[in-house]
Amino acid sequence: LYVFPEEETEEIDIAKEWRELMKINQELNKIEKKIEQIKKELMGIERMRPGCISSQISANGKRYFQISYTYKMKSRTEYVRKEVVKRLRQEVKAYKKFKKLTQQWVDLAIERSKMEIENLKNKEKEN
């Protein structure tokens, strides 16, 4: 006596699968738009410099300025003429904006990568 094996069938809700796929694509498009906006903002940054500007009083009572920063794992402090303090403050502000934007870009890139990998896993399961 031979018994034929039962064939397993899986019900697929095509409409549901399509909605999920569209949702993922919409989220990926949103991420891409955000990344493009960040790139545009980064292109607008011209002068930048890391650091913190401080005002000090010397022993003889005169005020002077200095900028302190770390670059290539070396801490540095430089004296700054009063005439360039305003410009340096703008450069430091631009650097902070640069750091914030690049961090946002990395966050979005990681999110996008995870979504794409998850999407690939789901496609492999289907095959």
TODO: Give the angle, between 0 and 90 degrees and rounded to the nearest 10, that separates the Cα long axis of helix 85-126 from the longest principal axis of the Cα atoms of the chain.
DONE: 10 degrees
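Can you order the peptides 87-93, 21-27, 97-103 by their average number of other Cβ atoms within 10 Å per residue, highest first? Please list the in-between numbers first.
Working: 87-93: 15.7, 21-27: 11.9, 97-103: 13.4.
Output ranking for 87-93, 21-27, 97-103: 87-93, 97-103, 21-27.
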Task: Between the stretch 1-49 and the stretch 67-121, the alpha-carbon center distance in angstrom - done: 29 Å
TODO: Any chance you could give the angle, 0 to 90 degrees and rounded to 10, that helix 14-43 forms with the longest Cα principal axis of the chain?
DONE: 20 degrees
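Counting Lys +1, Arg +1, Asp -1, Glu -1, what net charge surrounds residue 47 among other residues with beta carbon under 12 Å of its beta carbon? Write out the running numbers ahead of the final one.
On the way: positive: 49, 87, 89, 93, 97; negative: 46, 91.
Net charge in that neighbourhood comes out at +3.
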Task: Candidate lysines - alpha carbon under 18 Å from residue 82, same-chain residues fewer than 8 apart omitted - done: 62, 93
TODO: May I ask you to list the aspartates and glutamates whose Cα is less than 16 Å away from that of residue 86, ignoring any residue fewer than eight positions away on the same chain?
DONE: 46, 78
Open item on the list: Suppose we keep just the alpha-carbon trace of the stretch 61-127; what are its Rg and Dmax in angstrom?
Closed with: 22.0, 78
Open item on the list: Going through the cross-link list 39/74; 34/121; 33/100; 30/99; 34/100; 16/121, which pairs have a Cα-Cα distance over 20 Å in this structure?
Closed with: 39/74; 34/121; 30/99
- [ ] Give me the accessible area per residue for the chain, probe 1.4 Å, as a whole number in Å².
- [x] 90 Å²
TODO: With only alpha-carbon atoms counted, please give the Rg and Dmax of the chain, in Å.
DONE: 27.7, 109
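The values are calculated or read from the model by the stated rules, or taken from the named source; none is laboratory data. Quantities reported herein were computed from a predicted structural model and do not represent experimental measurements. For neighbour counting, all protein chains shown are included, and Cβ atoms are generated from backbone atoms with ideal geometry for every residue, glycine included. The area values use the complete protein model at the heavy-atom level, side chains included, leaving out ligands, DNA and RNA. Shrake-Rupley method; radii C 1.70, N 1.55, O 1.52, S 1.80 Å.
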